[in-house]
Structures are given as structure tokens and as C-alpha cells.
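Chemist: What follows is a structure written as C-alpha cells; I'll ask about it next.
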Amino acid sequence: MNQLINAFKSKNIACGYLYFYVHFAIEVACFYFLSTVTKGSPIIWLVPFVYDGLAFVPQSVVGYFNDKHPKINLSIIGTILTIMSFAIYFCTNLNVFISLVILCMGNALIHVGGAENTLKNSYGKLSHSAIFVAGGSFGVITGKILAQMAVPFWSIMLLMLTTIPFILLADTYNSESSNCKNFNYANKKLSPMLIVFLAVFVVIVRGYVGYGIPTSWNKTLIQHVALFFIMGFGKALGGILSDAYGIRKVAFLSTVLAIPFLCFGDNLMFISLIGVMFFSMTMSITLAILTSVLKKTPGLAFGLTTIGLFLGTAPIFFIKISEISINIGLIVLMSLLCTVILLKILDKEGTK
Amino acid sequence: MSFYFENLFIKENEPVFWIFVAVIIAIIGYTIYAVRKETKK
């Protein structure tokens with residue numbers, strides 16, 4: 001219990017909490033925008049696909065740039081770009097793709113800013129970045145709801161402005177000694193390129209499988225909210241529990257325990273939510289592994305996870321498997337495969 | 001299994017789609033180059 005409490009009070013954990021809010025806000029803005037543009041249509045449009053690609057994939061290049069130029073505050077620039085994109089879409093008649101591209105750039109910059117800040121100031125702990133990442137899930141569902149409620153677009157622009165003091169405060173934690181040298185979670189006996197490939201593979205697989213989780217119980221708005229909240233909670237918990245009890249234990253237990261809950265939770269909300277919570281825990285673990293290999297370029301490491309997420313979810317836009325038995329089979333098979341891979345690429349020594 | 005390709009309205013926006021694909025491939029290619037460079041150090 002003490003280990004768990006200490007994980008919540010890690011040095012510089014404030015960075016995680018500050019960027020939780022910033023991440024929440026940018027996802028509110030993005031999903032308010034996407035929901036408004038597609039007007040909640042069940043038909044998949046080109047816009048969300050382009051959004052996924054341009055918001056996720058460039059984060060590797062943006063991250064690498066920020067690694068080389070750490071003094072530039074990308075989050076502030078990202079906030080300004082997000083507000084600009086709203087002004088262009090809602091106040092002008094320019095093509096929607098112009099505002100979409102600017103929004104994606106803003107999103108990418110803020111994500112990278114948050115990742116760099118939380119990874120470099122965490123002294124090798126996962127909690128900070130896990131809490132930062134968790135904010136996104138809460139923001140996604142909130143953005144969708146606000147769009148459905150048709151709140152005025154300028155209120156979202158105001159929301160983005162409120163992130164500025166949070167960003168500036170988080171920035172005060174940065175110093176000459178901020179680095180990722182305490183990230184030592186990767187198996188040193190394996191080639192770094194192999195570890196990178198396998199870790200990104202895990203992210204891709206989890207990204208794809210995530211869309212196939214059977215959730216027939218998910219019918220009402222409150223159930224939808226519960227699902228996203230649990231996803232966010234699981235992401236944060238993965239980092240916190242890893243710091244408290246050891247990354248290998250959490251990696252193994254979360255991937256294996258998720259299987260029965262996800263498979264049998266199709267019509268059982270609470271069972272399914274437990275599975276989703278376990279399933280979400282690996283997000284911070286793969287980031288920690290990649291940062292361990294790319295200690296001097298944590299922005300690049302973070303960008304690899306977002307590329308993995310895009311590659312995992314891209315097929316969903318073209319092909320959707322609706323047979324539950326096939327999806328359950330994929331969940332079992334892919335989860336076991338990911339468990340084996342994670343245990344192989346995680347270091348046995350130097351971790352609890 | 002269902003196939004959503006037509007619903008993406010790609011035919012109507014074909015130039016946008018292929019420019020987008022080219023940009024994504026270029027970024028992923030550069031990322032691989034950056035990772036190789038950083039892991040060799």
C-alpha cells in the first residue's frame with residue numbers, strides 16, 4: 001500500500017497532473033471539431049481518417065525536432081494553432097481540410113510537448129506520462145458530448161486558452177538536468193532496433209484489437225462515458241501500478257487478465273469495463289520500453305507509439321470484422337502474443 | 001466482414017487521399033531513419 005501511495009507522490013508528479021488537463025483540453029477541442037464536421041454520422045468520412053494520420057504520425061518527427069531543440073515550447077504553439085483552426089473553420093468559408101491540418105498540427109505539438117515534459121521530469125517513473133496520456137480519453141468523450149449539445153465553438157477556444165497557465169507551470173519543472181537516463185526497462189541483451197520493432201508491433205496490435213472488443217452493452221450515453229472514463233483510468237493506473245509493483249508484473253497481469261473479461265463481457269458492462277481497464281494499462285509500458293531504448297530522444301520514442309496507434313487503427317476505416325467469435329479469437333491470440341513479446345523485451349534485472 | 005472503402009468518399013477526394021498517403025509514408029520513412037541513427041549511437 002505504501003508503494004502505491006508513494007507512486008502518487010513521485011517527484012515532479014505535478015507535471016503529469018498539469019498535462020492531464022492540457023491533454024484533456026486538446027482532445028475536447030479535436031473531437032468537438034470532428035463531431036461537428038461529420039455531424040455524428042455513422043458513415044466513416046475521410047476527415048477522421050486524415051485526422052488520425054496527420055495528428056498521430058507526425059508526432060515522431062515533431063518529437064525528434066523537439067529533442068534537438070528542447071527550449072522551444074511546442075505546447076504553447078500547439079494551443080495557438082488549435083485556436084486558429086477553430087477560427088478558420090467557424091468564421092471563414094475555407095476548405096475544411098485547411099482547418100483540419102492546422103488542428104492536427106496543434107494536436108501533435110501539444111502531445112509532444114506533454115510527452116517530453118512528463119518523460120524528462122519523471123526520474124524514470126511511468127506515472128507522470130501515464131497520467132498525462134490518461135487525460136485524452138476523458139477529453140475525447142467530453143468533446144463528443146459538447147458537440148452533441150452544440151455548445152458555442154468559442155467556448156472551446158476559451159477552454160484552450162485556459163491550458164496556457166498549466167503549460168507554463170509545467171515548463172517550470174524543466175531544467176538542465178531533465179532527462180530520461182533513468183529509463184532502463186528494455187532488455188539489454190536484445191538489439192535496440194528489434195526492441196523498437198517489437199514494442200511498436202505491440203502498440204499496433206493493441207490498437208487494432210481495441211476496436212474489436214465486443215461491447216454490445218454499450219448503448220446509452222452514460223455507458224459510453226463510463227467506457228471512456230475507464231479507458232483513461234486504466235491508462236493512468238498502468239503507470240502508477242508499474243511504479244509501485246514493477247513493470248514486468250503489471251505488463252504480464254494486465255495483458256493476461258484482460259482476456260477473460262473482454263471475451264465474456266459482451267453483454268455484461270461491469271465485466272467488460274474491468275477488461276477494458278486492464279487492456280488500457282499497457283499503453284505507458286510500451287512508452288517506457290521505447291524511451292529506455294531512445295533515452296536521448298524521448299519525443300521520437302513517444303512518436304513511435306502514436307505511429308503504432310495509427311497503423312493499428314487505420315485498417316478499421318476500410319475493413320470491419322463484425323463477427324464476435326472472430327474478434328474474441330483475435331483478442332485471445334493477440335493478447336497472448338503481446339504478453340510473450342512484452343516479457344521478452346522487458347529487462348529482468350533493474351525492475352521490481 | 002464489411003468494407004467501408006466507398007464510404008470514405010475517396011473517389012471524390014482522390015488527390016487529397018494520395019497526397020495524404022505519400023506524406024504518411026514519407027514521415028514513417030524518416031522516423032525509421034531517425035531511429036536507426038539514434039540506436040547506433
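The values are calculated or read from the model by the stated rules, or taken from the named source; none is laboratory data. Here the structure is a predicted model, which means the values were calculated and not measured. Here Cβ is always computed from backbone atoms with ideal geometry, including for glycine, and neighbour counts include all displayed protein chains. With ligands, DNA and RNA removed, areas are computed over all heavy atoms of the protein, side chains included. Shrake-Rupley method; radii C 1.70, N 1.55, O 1.52, S 1.80 Å.
Chemist: In deg cm²/dmol, rounded to 500, what helix-only [θ] at 222 nm does chain A give when every DSSP H run of at least 4 residues adds -39500 (n - 2.57) and the total is split over its residues?
Modeler: Numbers: 16 runs with 260 residues, N = 352.
Here the helix-only value at 222 nm equals -24500 deg cm²/dmol.
Chemist: Ranked from the most accessible area to the least, with a 1.4 Å probe and all protein chains present, what is the order of A:K144, A:K219, B:K37?
Modeler: Working: A:K144 60, A:K219 160, B:K37 90 Å².
Most to least solvent-accessible, the answer reads A:K219, B:K37, A:K144.
Chemist: Could you please report the charge total around A:L198, scoring K, R as +1 and D, E as -1 over all other residues with beta-carbon less than 14 angstrom from its beta-carbon? The partial results should precede the final answer.
Modeler: Working: positive: A:K189, A:R206, A:K344; negative: A:D347.
Charge balance in the 14 Å sphere: +2.
Chemist: With a Förster radius of 35 Å, plug the Cβ-Cβ distance of A:S175 and A:K348 into 1/(1 + (r/R0)^6) and report the FRET value to the nearest 0.05.
Modeler: Numbers: r = 32 Å, r/R0 = 0.93.
That gives a FRET efficiency of 0.60.
Chemist: Right, something else. In Å² (nearest 100), what accessible area is buried between B and A, both sides summed, heavy protein atoms only, 1.4 Å probe? All intermediate terms of the calculation are to be shown ahead of the outcome.
Modeler: Working: alone 4220 and 15480 Å², together 17050 Å².
Interface between B and A: roughly 2700 Å².
Chemist: Can you give me the span-like helices of chain A, meaning DSSP H runs with 24 Å or more of Cα extent along the axis and Kyte-Doolittle mean at or above -0.5? Mind showing how you got there, number by number?
Modeler: Values: long enough: A:14-38 (36 Å, 1.27); A:74-91 (25 Å, 2.07); A:96-120 (36 Å, 1.27); A:127-148 (33 Å, 0.97); A:192-210 (27 Å, 2.26); A:221-245 (35 Å, 1.23); A:247-264 (26 Å, 1.77); A:324-345 (31 Å, 2.39).
Answer set is A:14-38, A:74-91, A:96-120, A:127-148, A:192-210, A:221-245, A:247-264, A:324-345.
Chemist: Moving to a separate point now. How crowded by other chains is A:306-315, given as the mean number of beta carbons from other chains within 10 Å of each beta carbon? It would help to have the intermediate numbers written out before the result.
Modeler: Working: counts 0, 5, 0, 0, 2, 2, 0, 0, 1, 0.
Mean inter-chain Cβ contacts per residue within 10 Å come to 1.
Chemist: In addition: For the stretch A:19-85, what D do you get in µm² per second when you plug the Kirkwood radius from alpha-carbon pairs into Stokes-Einstein at 20 °C and 1.002 mPa s? Kindly include the intermediate steps, with their values, before the conclusion.
Modeler: Numbers: Rh = 13.5 Å.
Rounded to a whole number, D works out at 159 µm²/s.
Chemist: Next question. What spacing in nm lies between the two simple spin-label points modelled at A:F318 and A:F264, each 7 Å away from Cα in the Cβ direction?
Modeler: Using points 7 Å along Cα→Cβ, the separation is 3.7 nm.
Chemist: Which FRET efficiency value, to the nearest 0.05, is calculated for A:V340 and A:Q148 with the Förster distance at 45 angstrom and r the Cβ-Cβ distance?
Modeler: Details: r = 42 Å, r/R0 = 0.93.
According to the calculation, E is roughly 0.60.
Chemist: First measure r as the distance between the Cβ atoms of B:I32 and A:A87, then evaluate 1/(1 + (r/R0)^6) with R0 = 22 Å and state the FRET efficiency to the nearest 0.05. Kindly include the intermediate steps, with their values, before the conclusion.
Modeler: Details: r = 36 Å, r/R0 = 1.64.
With a Förster radius of 22 Å, E is 0.05.
Chemist: In whole angstrom, how long is each semi-axis of the equivalent ellipsoid of chain A, when you take the square root of 5 times every eigenvalue of its Cα gyration tensor and sort them from largest down? Mind showing how you got there, number by number?
Modeler: Working: eigenvalues 166, 136, 65 Å².
Semi-axes, largest first: 29, 26, 18 Å.
Chemist: Hey, can you rank A:249-257, A:60-68, A:176-184, A:266-274 by average C-beta count inside 10 Å, highest first? Each step should come with its number before you reach the end.
Modeler: Details: A:249-257: 20.1, A:60-68: 23.0, A:176-184: 15.1, A:266-274: 17.2.
By packing density, highest mean first, the sequence is A:60-68, A:249-257, A:266-274, A:176-184.
Chemist: Using a 1.4 Å probe, what is the accessible area per residue for the protein assembly as shown, in Å²? Walk me through the numbers on the way to the answer.
Modeler: Details: 17050 Å² over 393 residues.
Spelled out: the 1.4 Å probe surface of the protein assembly as shown, per residue, equals 43 Å².
Chemist: Can you give the net charge of the other residues whose Cβ lies under 13 Å from the Cβ of A:G63, counting K and R as +1 and D and E as -1? Walk me through the numbers before you get to the answer.
Modeler: Numbers: positive: A:K68, A:K120, A:K296; negative: A:D67, A:E116, B:E38.
That works out to 0.
Chemist: Within 10 Å of each Cβ in B:28-36, how many Cβ atoms from other chains are there, averaged over the peptide? Don't skip to the answer; put the middle values down first.
Modeler: On the way: counts 6, 0, 4, 12, 6, 0, 10, 15, 3.
Mean shielding count: 6.
Chemist: Could you compute Rg(Cα) / (2.2 N^0.38 Å) for the stretch A:230-352, with N its residue count? Mind dumping the intermediate values first?
Modeler: Values: Rg = 15.1 Å, N = 123, 2.2 N^0.38 = 13.7 Å.
Here the answer is 1.10, to two decimals.
Chemist: Then there is this: As a test of the definition: which semi-axes, in Å, follow for the stretch A:97-168 when you take the square root of five times each eigenvalue of its alpha carbon gyration tensor? Largest first, please. Could the numbers behind the result be given before it?
Modeler: Working: eigenvalues 130, 42, 28 Å².
So the three semi-axes of the stretch A:97-168 are 26, 14, 12 Å.
Chemist: Leaving out ligands, DNA and RNA, and with a 1.4 Å probe, what % of the accessible surface on the stretch A:218-306 is carbon or sulfur? Walk me through the intermediate numbers first.
Modeler: Working: 2510 of 3120 Å².
Percent of accessible area from carbon and sulfur atoms in the stretch A:218-306: 80.
Chemist: Let me ask something else about it. Under the rule a/c < 1.5 gives rounded, and otherwise a/b versus b/c splits prolate from oblate, where does the stretch A:163-265 land using the Cα gyration tensor? Show your work: numbers first, answer last.
Modeler: On the way: a/c = 2.22, a/b = 1.27, b/c = 1.75.
Oblate, because a/c is 1.5 or more while a/b does not exceed b/c.
Chemist: Moving to a separate point now. P(r) for the stretch A:67-219, please, calculated from all Cα pair distances in 10 Å bins and given in %.
Modeler: 9, 28, 32, 24, 7, 0
Chemist: Remind me, what semi-axes does the stretch A:38-120 give for its equivalent ellipsoid, largest first in whole Å, using sqrt of 5 times each Cα gyration tensor eigenvalue? Display every interim value, and only then the final one.
Modeler: On the way: eigenvalues 133, 44, 18 Å².
Three semi-axes, in Å: 26, 15, 9.
Chemist: Placing unit charges on C-beta atoms (Lys and Arg positive, Asp and Glu negative, everything else neutral), compute the dipole magnitude of chain A about its Cα centre in debye, rounded to 20. Can you show the working numbers first?
Modeler: Numbers: 22 positive and 11 negative charges, 148 e Å.
Here the size comes out at about 700 debye.
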